[in-house]
1. Using 0.36 nm per residue, how much length does the chain from residue 37 to residue 56 gain when fully extended, once their Cα-Cα distance is taken away?
2. Using the beta-carbon distance between residue 90 and residue 136 and R0 = 35 Å, what value does 1/(1 + (r/R0)^6) give for FRET efficiency, to the nearest 0.05?
3. Give me the Debye-computed log₁₀ of I(q)/I(0) at q = 0.20, 0.33 Å⁻¹ for segment 1-40, equal point scatterers on Cα only, no solvent, two decimals.
4. Find the relative contact order for segment 1-40 and round it to a whole percent, using C-alpha pairs within less than 8 Å whose residues are 6+ positions apart.
5. If neighbour count is taken as other Cβ atoms inside 10 Å, put 35, 22 in order from fewest to most.
6. Taking the Cβ of each residue in 49, 9, 34 as the centre, tally the other Cβ atoms inside 10 Å and list the residues starting with the fewest.
7. Quick check on the exposure proxy: order 42, 95 from fewest to most C-beta atoms within 10 angstrom.
8. Is it possible to state the helix-based mean residue ellipticity at 222 nm for the chain, with each DSSP H run of 4+ residues giving -39500 (n - 2.57), the sum divided by total residues, to the nearest 500 deg cm²/dmol? What is it?
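Only the coordinates and a few stated rules stand behind these numbers; no lab work does. This is a predicted model, so every value here is computed, not measured. All Cβ positions, glycine included, derive from the backbone under ideal geometry; neighbour counts span all protein chains shown.
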């Protein structure tokens, strides 16, 4: 999967905002009689958090403070040509050391050790130097969802 690009033929010349984004005239994003889907995310306090961080290429990677214990994350290295990844503590039996992940263009789950992330009550630590999630100087973007969303909960 390709890295992020700044190309007005693909994204148009209008900066995205909280209400809209534009596409250009390139046939890969705007061909006549074709159907396209855009997934657009935003943070919801206590429920989800859109994040980005710069990788350092180390097993003692960056820390992302989200304000909650994550349940699941979807992300991508936006700088390098890497697949999307999805991780969830449920895929690891409820553990917070995430060793299993799914890549966006495969049908198989991947397994690794010592893992990719370590979830904690306020976010996650990157614990693997893989270029998928921690390429040195690469920008990793994604969204995380809370394990126990509480802000809008109707629980007893």
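1. Values: separation 19, 0.36 × 19 = 6.84 nm, distance 3.25 nm.
Result: 3.6 nm gained on full extension.
2. The formula returns an efficiency of 0.70 here.
3. Rounded to two decimals, the profile gives -0.68, -1.23.
4. Working: 31 pairs, mean separation 11.5, N = 40.
Computed over segment 1-40, the figure is 29 percent.
5. If I rank by nearby Cβ atoms, fewest first, I get 35, 22.
6. By the 10 Å Cβ count, ascending: 34, 9, 49.
7. Lowest count first: 42, 95.
8. Working: 2 runs with 8 residues, N = 156.
For the chain, the value works out to -500 deg cm²/dmol.
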